[in-house]
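One structure is given below, encoded as structure tokens.
Where a number appears in this text, it was derived from the coordinates with a stated rule and is not lab data. A quick note: this is a predicted structure, and the numbers were derived from the prediction, not measured. All Cβ positions, glycine included, derive from the backbone under ideal geometry; neighbour counts span all protein chains shown.
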Amino acid sequence: MLDVIDLNIEFHDHLIPETVVFDFDMHMDAGDIVGIVGESGSGKTMTALAIAGLLSRHDMQKRGKIIFEETDLLNCERAKLRSIQGNEISMVFQEPMTSLNPVKKIGWQVEESLRIHKDFSKEERYEKTIKALADVELDAPEKLYHKYPYELSGGMRQRVMIAAALICNPKLIIADEITTALDVTVQAQIIELLKKVNKRNGTAILFISHDLSLVKQICSRVIVMYQGNIVEQGDAEMIFHHPQEEYTQKLIAAIPKIIRKSKV
Amino acid sequence: MRYVVKKIGILLLTLLLVSFLAFLAFQIIPGDPAVKMLGTQATPEKLSALREQMGLDRPMLFRYAVWLKDFVLGDMGTSYSYNMTVGSMLSGKLPITLTLTFLAFIMIVVIAIPFGIYTAKHKDRKLSKVLNAVNQIMMSIPPFFIGILFTYFFGLVLRWFIPGGYISYEMSVIRFIGYLIFPAIAIAIPKAAMTTKLLKDIILEQTKLDYVRTAYSRGNRTNGVLYHHVLKNAMIPVVTFLGMTLADIVAGSIIIEQVFSIPGLGRLLITSISNRDYPVVQAIIVCIAFIVIMINFIVDIVYRILDPRVRGQ
Amino acid sequence: MRRWNKDFNFYIGFVITGVVLLLVFLGIFYTPYDAEAMSAADKFAGISLHHLMGCDNFGRDIFSRILKGSGTTLFIALCTVLIGVGIGTIIGAITGYYGGWLDEVLMRFNDSVLAFPSILVALVFISILGSGKYHVIIALGIVFIPSFARIVRGEFMHYRNLDYVQNAKLMGAGDIRIMFVHILPNAWPVIASAIIIGFNNAVLAEASMSFLGIGVQPPDPSLGRMLSEAQSYLFRAPWYAFFSGLTIVLMILGFALLSEGMKRK
């Protein structure tokens, strides 16, 4: 489904160009759940944004290919990219507080991808939105439809974001640190929700996180990044139990013992 | 609903406060109103009789209450200079000033919003830099100077209108408004320039926020993001700003009346001040304050409609 | 690229303002002609080497009058801002720092006055006091107090809650000391910016009032009144109106660019 070949991303906004992602290669099949782990500055978010087609084209140079179902996302026309965004690839971001438009109703925002990409009537859209909100385990979706983001908690907003990302039944969801801003209990719920979605709809998930323990819970394959480079990649089990690289070992060692023990 | 009631309460309170201040201000004026009115015909008996008739011997708060009651009922006193009621002097002129202010306000919105959006969208093009410079200059030109320039170029040179040829709305509403267009634009230009800059800055600021990225991730085009998402957020501070400039627009219309010889409240106010015709001055000041406060109130309501976050409070 | 733009603003503003101030300063001591000297022969003279900006209806040299008039305008604007900032800062500091009912009452009062068009309030004072240079200063000064008070109050309210102020309090520093030694220097950039904007508004307000005829009175020269007189002779001697107005524009523009440029630095 998705092949990233030789992705290099360079910043050109200062005098000296700065490379933030070096020679990144990755393959994903339909329904895969792949995790990208690394600290801040490892380049994982940049890679995610590149795949989502959200890197601004002004002061950046991207080399390589991102082939999604026979389209090279990096080098195709804007219109083609737009037709894929929200439709076949969608993204959920880290900050639920600021990622939603504060002056638009929740329902309107969840519907948005439907409005843009599909030809449904107003009533059909409403039905699908209510269903999407129910699918992410939110109560009273009919009431929620007319509320505004400021009326919801962080966990609820993140579920709304997920609902909006799922509404066109995309082949791939990119989840960039989606639980980092949430409470631990809510984190666990969101992870479970993602797993359900993957099982039910066959949606592939690209799960970005700095938290190795979370990644271990949901991903079948893991890519470890450090300062723009892939340090190690492979099966989640393999990486976790038999890390080859020193950096990976350090990451695993940094997980608090209790969690490590219980999750093993 | 409770918010609206509370706001109306504050509105009335403000009006009360303002009218009291205006009343107070004119009590401090040295000089005896009775003397002014009688002029050369003043004799001690006539003076004390007139004073009693005018209620000048009563305590101030009482006089204020009486004055307020009369004012609200439409009796704003009698002019010192002319033997007419202030009310009759104002009645013809109020609609003129109101129309001018209203036209100026519309001009500002009509000019600033498209330009603001354009300069924000095309901020990296060369034309935009030129527009920014022009904008900056426009902000610095006083409306009365623009008015004079208009009079010269459009009036005398191009002859698109006759300077000083004011046409009353009683004669022809269309030509009345037609004559007021140039003065309205003159008032509007500096404020429109400020609003354009504000809108552009805010749009660009909003574009950096997270929800814009989310909107793009759903497959929106640039225009879609701009008009469906950013603009609604951006308009909120702009509306607030417009409310604040309203007072300046009213002030501007007062001054511009001098340039274009428009018989509105402004000219009357100026001549009355020179003539020390205090009842007229007082009445006009309170009227204008009233208009400004009322419109601010409306702007406040519009603001609440635009921003749902405020509604919940 | 962006920085060039902001610096560009600043330098142009600096240059314009500098030139204006220089000329005004010069004008205090020397003008090409006596600003009041009338000459029937030179009535409505056009632009020439003798008269850089031509002459008005009395044959007075416009350039000299503009120099003097600008001086008057700047003087009034300066005094106005001083009054506004001086008293406004005191009020703002007290209400912002202490808060409480005093703050509530004063701010209601403040906002009612602020809601008025500033010209109107100035007109009220002028009609009571009478016109003339010093009355204009008092009227405008009072008009400018509420906006400065609001700004200073905002700053003081922000800073009074910060840790280092609380620390100073714990260490026993007196309130006045805290206000002037700790808070004021930090609030200064915002206040400075407000001062320049206020100065601009003061120039505009003075010009407006003189234009209306209720500001500075003859024999004091004034840009606003020159512009108003020039109106009658617009067809015959457009340069009279043009140069008077242009001077006002340059003064305001210079300061506006200066404040723009200062903001980004």
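Miscellaneous remarks
- Filter result (free of Cβ contacts under 8 Å to residues at least 40 places away in the same chain and hydrophobic (A, V, I, L, M, F, W, C)) within the range B:138-152: B:F145, B:L149, B:F150
- Listed conditions (1) closer than 21 Å to A:T45 by Cα; (2) among the basic types (K, R); (3) out of contact with any strand residue (DSSP E or B) (no Cβ under 7 Å at 6 or more places or on another chain) are all met by A:K171, apart from (3).
- Filtered residues of the range A:192-207 (kept if surrounded by fewer than 18 Cβ atoms within 10 Å (Cβ to Cβ) and not polar (S, T, N, Q)): A:E192, A:L193, A:K195, A:K196, A:K199, A:R200, A:G202
- Among (1) within 7 Å of another protein chain (Cβ to nearest Cβ); (2) closer than 24 Å to B:F176 by Cβ; (3) surrounded by fewer than 19 Cβ atoms within 10 Å (Cβ to Cβ), the one test that B:F290 misses: (1)
- For first residues located in the range B:207-235 and in contact (Cβ under 8 Å) with a residue 60 or more places away in the chain and at negative phi, partners that are among the β-branched types (V, I, T) and surrounded by 16 or more Cβ atoms within 10 Å (Cβ to Cβ) and lie 6+ apart or on another chain with Cβ distances below 6 Å form the pairs B:K232/A:V103.
- Exactly one residue out of B:A112, B:A184, B:A120, B:A188 is in contact with a Ser or Thr (Cβ under 7 Å, 6 or more places away or on another chain), in contact (Cβ under 8 Å) with a residue 40 or more places away in the chain and more than 14 Å from chain A (Cβ to nearest Cβ): that is B:A112.
- Residues that are assigned to a helix (DSSP H, G or I) and within 14 Å of chain B (Cβ to nearest Cβ) within the range A:109-138 comprise A:Q109, A:V110, A:E111, A:E112, A:S113, A:L114, A:R115, A:I116, A:H117, A:R125, A:T129, A:A132, listed in sequence order.
- Wholly enclosed helices (runs of 4 or more DSSP H) of the range A:139-205 bearing at least 2 residues small (G, A, S): A:154-166
- If you check B:R175, B:R213, B:R159 for being of a type in the set (K, R) and either closer than 24 Å to C:S232 by Cβ or in contact with a Cys (Cβ under 9 Å, 6 or more places away or on another chain) (or both), only one passes: B:R159.
- Elements of the type helices (runs of 4 or more DSSP H) sitting completely within the range B:207-299 and holding at least 2 residues that are over 30 Å from A:E88 (Cβ atoms): these cover B:231-260, B:265-274.
- Those residues of the range C:123-138 which are in contact with a Ser or Thr (Cβ under 9 Å, 6 or more places away or on another chain), crowded, with 24+ Cβ neighbours inside 10 Å and either part of a loop (DSSP other than H, G, I, E, B) or within 12 Å of chain B (Cβ to nearest Cβ) (or both), in sequence order: C:S127
- C:E155 meets the conditions (1) crowded, with 21+ Cβ neighbours inside 10 Å; (2) touching a Pro at 6+ places or on another chain (Cβ under 8 Å); (3) of a type outside the set (S, T, Y) in every case but one. The failed one is (2).
- The helices (runs of 4 or more DSSP H) found wholly in the range B:64-158 and carrying at least 1 residues that are closer than 30 Å to C:R236 by Cβ and within 24 Å of the chain's Cα centre (by Cα) occupy B:94-121, B:126-139, B:143-150.
- Subset tally (residues that are of a type in the set (A, V, I, L, M, F, W, C) and under 16 Å from A:D6 (Cα atoms)) for the range A:61-84: 5
- C:E155 vs. criteria within 11 Å of another protein chain (Cβ to nearest Cβ) and either more than 18 Å from C:F63 (Cα to Cα) or touching a Lys or Arg at 6+ places or on another chain (Cβ under 9 Å) (or both): no
- Residues in the range B:93-102 that are surrounded by fewer than 20 Cβ atoms within 10 Å (Cβ to Cβ) and touching a residue at least 24 places away in the same chain (Cβ under 8 Å): 4 in all.
- Here the condition is being more than 8 Å from every other protein chain (Cβ to nearest Cβ) and of a type in the set (D, E); of B:D300, B:D210, B:D248, B:D307, it holds for B:D300 alone.
- Selection count, the range C:218-231, where residues are touching a residue at least 40 places away in the same chain (Cβ under 8 Å) and within 11 Å of chain B (Cβ to nearest Cβ): 3
- The residue that is nearest to the other protein chains (Cβ to nearest Cβ), counting only those in the range B:138-180 that are of a type in the set (V, I, T) and surrounded by fewer than 17 Cβ atoms within 10 Å (Cβ to Cβ), is B:V157.
- Residues being within 8 Å of chain B (Cβ to nearest Cβ), touching a helix residue (DSSP H, G or I) at 6+ places or on another chain (Cβ under 7 Å) and not hydroxyl-bearing (S, T, Y) - total across the range A:80-103: 10
- Of all residues in the range C:81-122, those being under 22 Å from the mean Cα position of the chain (by Cα), within 14 Å of another protein chain (Cβ to nearest Cβ) and of a type in the set (V, I, T) number 3.
- Tally, over the range A:54-97, of residues that are aliphatic (A, V, I, L, M), without any contact (Cβ under 8 Å) to a residue 40 or more places away in the chain and under 23 Å from A:F22 (Cβ atoms): 2
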